[in-house]
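S.K.: Structure incoming, see below.
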């Protein structure tokens, strides 16, 4: 049995690793999609900053874009903490992280689109075409849910990982 300090350190390390991995994968996908539309690199992080600044965010410079990146990683930290809270209380997360990660990614997508964005001050209209919803769901599952669930499982519950593997 691990002592409390070791356990807390492992939990913090798992949250940090899942936060940074999923946060980076998610923002990288957003940059790629933004670049595919030929938008300047600052446009996408300014859109994130517009969640608290409204339309004024698009009038700002690089500092506002950096604020947007910081806000993205802050939100992802809360998501990583939520992942740990859920995963630590669910056998599914420990034994089948892909299944858990799929459900978690869908839940993150739903929370962002049904709660966070409507309550924010974003200065643009979100698109909910079938293509954009499927694309964004896939991104949230593959780049947020799966990485977070897999990192949590491998760092916190390696015995369950071994038990779930076919012999």
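Each reported figure results from applying straightforward, stated rules to the coordinates on display, with no laboratory input. Quantities reported herein were computed from a predicted structural model and do not represent experimental measurements. For neighbour counting, all protein chains shown are included, and Cβ atoms are generated from backbone atoms with ideal geometry for every residue, glycine included.
S.K.: So what is the diffusion coefficient of the chain in µm² per second by Stokes-Einstein at 37 °C and 0.692 mPa s, using a Kirkwood Rh over Cα pairs?
M.R.: 194
S.K.: Using only Cα atoms, find the angle between the long axis of helix 4-36 and the longest principal axis of the chain, and express it within 0 to 90 degrees, rounded to the nearest 10.
M.R.: Between the helix axis and the principal axis of the chain, the angle is about 40 degrees.
S.K.: Which order do peptides 4-17, 138-151 fall in by mean Cβ count within 10 Å, highest first?
M.R.: Top to bottom by mean Cβ count within 10 Å: 138-151, 4-17.
S.K.: Given the stretch 109-153, report the % of alpha carbon pairs whose separation exceeds 13 Å.
M.R.: 63
S.K.: Follow-up. Which percent of the Cα-Cα distances in the stretch 58-117 go past 15 Å?
M.R.: 60
S.K.: Explain nothing, just the number: relative contact order of the stretch 1-147, from Cα pairs under 8 Å at least 6 residues apart, as a whole percent.
M.R.: 30
S.K.: Using the alpha-carbon atoms, what tilt in degrees (0 to 90, nearest 10) does helix 62-87 show relative to the longest principal axis of the chain?
M.R.: For helix 62-87, the angle is close to 30 degrees.
S.K.: Taking the chain as the reference, fit the longest principal axis to its C-alpha atoms, fit the long axis of helix 43-53 to the helix C-alpha atoms, and give the angle between the two in degrees, 0 to 90, nearest 10.
M.R.: 90
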